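Structure first, commentary second.
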Amino acid sequence: MTHPTSAPAGLRFSAILTTALASSAVTLLGTLLFTNERDLTFVLSPWETFANAFVLALPAVVIYFVVLAALGYVNVYRTWWTSALAGLLAVLVGGTLAYMLQILTNEIPLNAEAWNVIFGEFVGLNFPFAVIGIVAAALVCPPVYRSALGEAAPGVPARYVAGAAPQPSIVESGSAFVRIPSSAMLEDQDAEVREEANEQWEAMVAAFEEYGWGTQAIPELDNEARAAFVGDTALVLGEQVVLSKLKGDERRGELATVRQTLDDAGAVFDELDAPAIFDPADVVEGPGVLYVGVGAATNAAGLRGLRAAVRDRGYRVVAVPVAGKSALSDVLSVLPDGTKLVWRPAIEHPEVLGEQVSVPEPRGAAVIVLDEQTVAIPASAPETAKLLSTLGYKTEVLDISAFESAGGTLPRLSLRSRD
């Protein structure tokens, strides 16, 4: 799924109500269609029969609406199956409470026999309501919710529609730029793995949205296997963007769409001159400092060029020698309080970082900060998640196994600006 923007609270509230109302309307109409049979004795008119069916169905549907709307706040509308589960819960609560109201209104004791009748009606009079409520939630909620937020359909690059929220500006606090996984990355995988990768990507974007980030989709590049790793293409420091300058042309095709998207968002670009080689994935930002990994992709000329580019912004640039071919953002992260998480086997001289905390897993240092109290961490680093909890942070665990198997990490799946 592509998410063009994180919805402001008002827009999200409106989208949730609209979605729940649409599903409830379909449920009510479908229930009436299947239960409103004309009285065969002709004692009652068709309108009276309809009115009786409406009065019986309405309380259950109203409760269904309330439950479905409440569940919308935990992002159940994103997929058909979570919407179906929400619909199941809503029909169970709605059908049960509505029948209880009927029993109590008629002054009938709410005893064991009454409860048997209540639950028995889910395969009786309440059966059409139950089935239609679940099916309506599964089929109606995801497209209506996306439409209400101005989002594109799953697997389609984001497009802004009339009435949608504005595109996030790169100078706004909390902007994230992402690109959906390409067919080239997934072409050798079976259908289950491809679906898993898309669901993992959606969960990551949903986490950004939940914590107040504005998200923007960079146009898809179907033929570029590593296109989802947009963190390799640019360093974003507020409105200043330093584009990658890699050795060779293998990923140069990814830059044009990244540059255009960031340009539309208000970026000011810096490009380093030859013989500089610069990989943005080698950069980790801390308070007033940029740690830059050297020895893998970024060379000394790239380091000097970066120092010159960010000097006016007041950043210190600290070189960090790395072992092997590790990008520094894969093995180092800086938490909001300045604590540095380090996977020490990948750092040749960890002393240049000063005080630090060593993580117990290779992926444990590849995290992203969602807010001052919350850190997103890959599911492949459960011991590090426990460590973060002892340091006083909440953790948002994200399964990105499909991307890790393709050589990516959590920080490299997005471009983020907090300036």
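What follows is calculated from the coordinates using simple rules that are stated; it is not laboratory data. Not measured: the values here are computed from a predicted model. Note that we place each Cβ from the backbone using ideal geometry, even for glycine, and neighbour counts take in every protein chain shown.
Legend: calculated FRET efficiency, residue 405 to residue 25, from the Cβ-Cβ distance at R0 = 30 Å, rounded to 0.05, equals 0.10. A simple spin-label model places the labels of residue 105 and residue 14 3.4 nm from each other, with each point 7 Å out along Cα-to-Cβ.
About its Cα centre, how strong a charge dipole does segment 268-340 have in debye, to the nearest 20, once Lys and Arg get +1 and Asp and Glu get -1 at the Cβ?
260 debye
Shown is the FRET efficiency for residue 34 and residue 81, computed with R0 = 25 Å from the Cβ-Cβ distance and rounded to the nearest 0.05: 0.55.
Remark on segment 285-419: Rg and Dmax equal 14.5, 40 Å (Cα only). Full extension of the chain between residue 312 and residue 66 gives 83.2 nm of extra length, using 0.36 nm per residue less the Cα-Cα distance. Among the listed pairs 245/325; 247/325; 325/394; 340/394, those with a Cα-Cα distance over 19 Å are 325/394.
Please say if segment 175-417 is rounded, prolate or oblate, where rounded means a/c under 1.5 for a ≥ b ≥ c the square roots of the C-alpha gyration tensor eigenvalues, and otherwise the choice is prolate for a/b larger than b/c and oblate otherwise? Numbers along the way, then the final one.
Values: a/c = 1.39, a/b = 1.04, b/c = 1.34.
Judged from the Cα gyration tensor, segment 175-417 comes out rounded (a/c under 1.5).
Taking 0.36 nm per residue of sequence separation and removing the Cα-Cα distance, the residue 247/residue 348 pair yields an extension gain of 34.1 nm.
For residue 269 and residue 379 in the same chain, what is the full-extension length gain: residue separation times 0.36 nm, less their Cα-Cα distance, in nm?
Numbers: separation 110, 0.36 × 110 = 39.60 nm, distance 3.44 nm.
Extending this stretch completely gives an extra 36.2 nm.
For segment 191-217, backbone nitrogen atoms closer than 12 Å to the point 7 Å from residue 184 Cα along Cα-to-C-beta are found at no residue. Taking H placed 1.01 Å from N in the peptide plane, check which residues at least 5 places from residue 294 or on another chain put their amide H under 5 Å from its amide H. The list, which skips near neighbours in sequence, is 320, 322. On the basis of the beta-carbon distance and an R0 of 22 Å, residue 74 and residue 372 show a calculated FRET efficiency of 0.45.
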